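Heads up: the structure comes next, in structure tokens.
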Amino acid sequence: MTPNAVGAPLDHSEIRAIIIGIMLAMLLASLDQTIVATALPTIGADLHDFENLSWVVTAYLITSTAVTPLYGKLSDVHGRRAMMLVAITVFSIGSLVCALAPNMLALILARGLQGLGGGGLISLAQTIIADVVSPKERGRYQGYIASVFMASSLGGPVLGGVLAEHVHWSMIFWINLPLGLAAFLMTDRLLRRLPRHDRKAKVDLLGAVLMIVATVCLLLALTWGGVRYRWDAVQILALGAAAAVFAIGFVWRIATAEEPFLPLAILLHPVVACGTIAALLTMGTLIALSINVPLYFETVRGLTASQSGLGLIPLMGGVVLGSWLSGRALARFTHYKRSAIAGLCTSIAGLLLLAVGPELLPLTVLAVVFGLMGMGIGCLLPVTTVSIQNAVMPWQMGTATGAMNFFRSLGSAVLVAVFGAVLMAALGIVPGQGDVAKLVTGSDAAGLIHAFRLVFGCAAGCLTLALCALLAMEERPLRTNVRKHAEDTSAEELVAGAAE
């Protein structure tokens, strides 16, 4: 197999231009995850359908999660630039159809189409960064990346509410079109300089179909279970059984196929496996907390809905700050895991403090605790991503990064369901009997305190498991030169091809 030639190294200005270009693609995906939530009531009222409103979020979640590893694999085969252009195009077309949707069914289907594009944006952006910036130097550009997530996390909900209330809810989708066009043009031009690591290979379509169907069934079960149906309802049990059957088929396929969709050599790689588990548990805990913390503020601490939203800022802002600081530490310290280990220990301590007395801490102290917890969680995210990308060959980078993002999203859905089940079980709420948020709000004070003790305790337990996975992950020296590693890999492939 003849590898692609490795191009001339890129200088700082060229790398910065590429990263700014893909920041637009990352903004498309990250903003879409936050801007829709505050517009949902307006959308339901305008389309006269509140019953199926949750599907506006669920449809995007299911399709974007299911196709994430597919983009990673295809980018290893056909190149990052080609797949990024496909992802931007599909996302933009989906956004256009969303904006023009005349009813709820059309909007839900369009959101599913949008997710087919959105599932590749962040994963491909992370892979492209790994192609042009060595792991040792990646922290130099972490501020650019962190700013995207800060802007979408803090500005998305506000922008969505303002557009829905004062203009029209369709504007939250219309604004994706100029952003998508700019991202397409910049990506098309800038990524022509991108080093090429793609190789001729067969795409295991059967393995991809088995994985996607298993994922869709599992996500439907997790989305409906405990909310629309009881966990022991026939619908949930049938979806769970279908997910298990297709998952077993997928495992069989990757164990027997000549070129499996997700090679076992990557999935079972000690750094990839431990890093993915740590990222899965940490990101899942963060997403679950982002859903439960506003409920905690409203029910236990007596804040309004808007105040509870502001209460999330220390947590989410801390994540971005911790991610930036940890990214900078990667370039400075040999033992780069230490920042993530210290961060997780800080987050676990904060969660245990909340588990002991969720009603005791003053709000100002609580804001500091959530800020430190967020920083601790954020410290882990760049460490796991960079470690995984540092451990695999350039032509495996897309597959490994896509797999990590896939399992991270899937794990988040699982932990959100687990935390919700813990909360409702502690309050004695029977699933499928109405709006969960209203049912929780109507519970007695002592019951709420006990329930959130369990929720924060579960979060501490999850982060403790993440800490164990992080400690088990090998701390390999970070590469300092992307070009040299690509050339070494090309030479290894030529020797292997000659031997065959």
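The values are calculated or read from the model by the stated rules, or taken from the named source; none is laboratory data. The structure displayed is predicted, hence computed values, not measured ones. Backbone-built Cβ (ideal geometry, glycine too); neighbour counts: all protein chains shown.
Looking at Phe250, Phe297, Phe261 in this structure, which one is assigned to a loop (DSSP other than H, G, I, E, B), crowded, with 17+ Cβ neighbours inside 10 Å and either in the same structural domain as Leu454 (by TED's automatic domain parsing) or of a type outside the set (Asp, Glu) (or both)? Outline the logic, then answer.
Working: Phe250 fails: assigned to a loop (DSSP other than H, G, I, E, B); Phe297 fails: assigned to a loop (DSSP other than H, G, I, E, B).
Answer to the check: Phe261.
Checking the condition of a type outside the set (A, V, I, L, M), under 19 Å from Ala265 (Cβ atoms), in a helix (DSSP H, G or I) and at pLDDT 60 or above, which residue from Phe407, Phe456 passes? Write out each step before concluding.
Values: Phe456 fails: under 19 Å from Ala265 (Cβ atoms).
From the options Phe407, Phe456, the qualifying one is Phe407.
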Report summary line: Taking region 134-175 and keeping only residues that are modelled with pLDDT under 75, among the polar types (S, T, N, Q) and over 20 Å from Gln114 (Cα atoms), one is left with Gln142, Ser147
Query - Lone qualifier among Val383, Val369, Val365, Val416 - being out of contact with any Pro (no Cβ under 7 Å at 6 or more places or on another chain), closer than 24 Å to Thr65 by Cα, surrounded by fewer than 22 Cβ atoms within 10 Å (Cβ to Cβ) and β-branched (Val, Ile, Thr) - result: Val416
Requested in this report: Give region 312-348 a look and list any residue that's in contact with a Pro (Cβ under 7 Å, 6 or more places away or on another chain) and either under 19 Å from Phe452 (Cα atoms) or without any contact (Cβ under 8 Å) to a residue 12 or more places away in the chain (or both), or say none.
Outcome: Leu312
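For region 351-362, name all the residues that are part of a helix (DSSP H, G or I) and buried (at least 20 other Cβ atoms within 10 Å of the Cβ).
If we filter region 351-362 for residues that are part of a helix (DSSP H, G or I), which is where we start, we get 351-356.
Hits for region 351-362 are Leu351, Leu354.
Test of understanding: among Ala331, Ala340, which residue is at pLDDT below 85 and part of a helix (DSSP H, G or I)? Explain how you work it out, then say what you get.
Values: Ala340 fails: at pLDDT below 85.
One residue alone meets the criteria, Ala331.
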Report summary line: Pro195 meets each of (1) under 29 Å from Phe407 (Cα atoms); (2) out of contact with any Lys or Arg (no Cβ under 8 Å at 6 or more places or on another chain); (3) modelled with pLDDT under 75 with one exception, condition (2)
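Any chance region 219-229 includes a residue that's β-branched (Val, Ile, Thr) and over 21 Å from the mean Cα position of the chain (by Cα)?
Yes: region 219-229 contains one or more residues that are β-branched (Val, Ile, Thr) and over 21 Å from the mean Cα position of the chain (by Cα).
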Requested in this report: Determine whether Ile348 is touching a Leu at 6+ places or on another chain (Cβ under 7 Å), surrounded by fewer than 19 Cβ atoms within 10 Å (Cβ to Cβ), outside the structural domain of Ile145 (by TED's automatic domain parsing) and of a type outside the set (D, E, K, R).
Outcome: no
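Can you tell me which of Ser134, Ser147, Ser95, Ser123 is over 30 Å from Asp49 (Cα atoms) and surrounded by 24 or more Cβ atoms within 10 Å (Cβ to Cβ)? Lay out the reasoning, then the answer.
Numbers: Ser134 fails: surrounded by 24 or more Cβ atoms within 10 Å (Cβ to Cβ); Ser147 fails: surrounded by 24 or more Cβ atoms within 10 Å (Cβ to Cβ); Ser95 fails: over 30 Å from Asp49 (Cα atoms).
None of the others qualify; the one that does is Ser123.
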Query raised in the report: What do you reckon, is Leu280 in a helix (DSSP H, G or I) and of a type outside the set (Asp, Glu)?
Result: yes
Report summary line: When restricted to Leu325, Leu351, Leu315, the only residue within 21 Å of the chain's Cα centre (by Cα) and within 30 Å of Thr299 (Cβ to Cβ) is Leu315
Query raised in the report: Got at least one residue in region 31-48 being closer than 29 Å to Gly309 by Cα, crowded, with 17+ Cβ neighbours inside 10 Å and of a type in the set (D, E, K, R)?
Result: yes
